[in-house]
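Reviewing the structure listed below.
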Amino acid sequence: MGADRHAVRAFYEDFPFPMFDREDDQNDLIALGKTLAAVRSDSVEPRQAFSKPITWLDLGCGTGEILCGIAAGLPEGSRVIGLDFTAASLELASGLARDRGFNNIEFIHGDMNDAEKLLGGTKVDVISANGSLHHTEDPETLFKQTLGLLTWKKSRYVLGLYSALARGPINRINRALMKIIPDPYDNRARLSAFKEIFLYTLQGDPDLEGLKARFGSHEAIPDQWLLDTFCHPLENAYDAADVMRWIKNTRLEFKGWLGMEPVIENARNSATARERIEAMSEDERLRLYDLLDGQRFRFWFLRQKCA
Ligand SMILES: C[S@@+](CC[C@H](N)C(=O)[O-])C[C@H]1O[C@@H](n2cnc3c(N)ncnc32)[C@H](O)[C@@H]1O
């Protein structure tokens, strides 16, 4: 669904994301970044950071909260690079890094599609792309292209993507808004239409409920959050099996999902379900996990296959 990268860039120039004003909200995302940095290659349990300095590239770092958390979670001497094509976001991200005293973060202004050229030959140990690849025209091709940036010395990849199954209801809203305001650049009109038509009628939607709980009321939800959640000009979403196909025939393997819903763990351990699940083909099992796991956004941990 959607427009092209020019419309996406214009969208984030006007509405940099996530751009939290409150320190507590920023700290939540910084803590998430620390967790991402602490996930070991042999476990998805966040127990221990890398023991030696590494280089970490964050593609589409936005306003930098998660990036700062990653920098905080890595060993002294590590190099952290945030790349984004939105100047407004990078300005906020570098301000945040400065305010929080992270001197080991470098910023690159440019398109992920040109990452190799922009990095000028630098290879990295870990790549993260949180909520950014799914706002590009061809996320799978771009994902595969970025694998050429890895050192392949126990490399890792952290992918944050929307789940197609759980994101479905929002897709309906987004499509309706695109019919009313087809110009992908007219984000303000789409935002007004969303507020007039949906904001007070969309009861029980988990994302809207979450935003209301975080910000206190409908009116207090920042525009960039409403737009990013409900009215994005270019958004893709994936089934678990799709992402598994992305990594097939690459040097990466699936390690786990962060925040995998406990319901999946329960099903795997359930006396009633376990045997049936074990007898399923991989595709069937992944389809079941999609049904069990209601999360709209998933972090995928991928790691280099053992030689
Ligand atoms: C939803 S925001 C996510 C920000 C941050 N990663 C986070 O999770 O808080 C998506 C970001 O990806 C960036 N982005 C999207 N497409 C891009 C591209 N082709 N090249 C560089 N950055 C891109 C946008 O500018 C935006 O800052």
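With coordinates expressed along the principal axes, the C-alpha atoms belonging to the chain extend over 55, 52, 35 Å, beginning with the largest. Inter-part distance, the stretch 190-218 to the stretch 139-157, computed on C-alpha centroids, equals 36 Å. Backbone amide hydrogens, once placed in the peptide plane, bring residue 198 within less than 5 Å of nothing, excluding anything fewer than 5 places away on its chain.
When you filter the GluC sites (Glu not before Pro) in the stretch 125-225 for DSSP loop state and at most 10 other Cβ atoms inside 10 Å of their Cβ, you are left with 219.
Taking a straight line from the alpha carbon of residue 179, these lysines sit under 19 Å away, with near neighbours fewer than eight places off in the same chain left out: 195. Extension gain, residue 200-residue 250: 0.36 nm per intervening residue step, less the Cα-Cα distance, totals 13.4 nm. Considering helices alone, the calculated mean residue ellipticity of the chain at 222 nm is -13500 deg cm²/dmol, with DSSP H runs of length four and up weighted by -39500 (n - 2.57) and normalised per residue. Looking at the chain alone, DSSP beta bridges between its own residues are antiparallel in about 45 percent of cases. Placing unit charges on the Cβ atoms of the charged side chains and taking the dipole of the stretch 165-230 about its Cα centre, the candidate lying farthest along the positive direction among 187, 173, 210 is 173. Between the beta carbons of residue 138 and residue 215, assuming R0 = 35 Å, the FRET efficiency works out to 0.55 to the nearest 0.05.
Using only the Cα atoms of the stretch 13-162, build the gyration tensor, take square roots of its eigenvalues as a ≥ b ≥ c, and label the shape rounded, prolate or oblate: rounded if a/c is under 1.5, else prolate if a/b is larger than b/c, else oblate.
Verdict is rounded for the stretch 13-162.
If you restrict to DSSP beta bridges whose two residues both lie in the stretch 1-126, what percentage is antiparallel, to the nearest 5? Of those bridges, close to 10 percent are antiparallel. Within a straight-line Cα-Cα reach of under 22 Å, residue 144 can be paired with the following lysines, leaving aside sequence neighbours fewer than 8 residues apart in one chain: 117, 123, 153, 154, 248, 255, 305.
Were the residues from residue 241 through residue 270 laid out at 0.36 nm apart, the gain over their Cα-Cα distance would be 8.2 nm. When the GluC sites (Glu not before Pro) in the stretch 66-136 are filtered for DSSP coil states and for at most 11 other beta-carbon atoms within 10 Å of their beta-carbon, the remaining sites are 76.
Apply the a/c threshold of 1.5 to the C-alpha gyration tensor of the stretch 165-230 and tell me whether it is rounded, prolate or oblate. In terms of gyration-tensor shape, oblate.
Values in this text are rule-based calculations from the coordinates and carry no lab data. Everything quoted here is computed from the prediction, not taken from an experiment. Cβ sites come from the backbone with ideal geometry, for glycine too, and all protein chains shown count toward neighbours.
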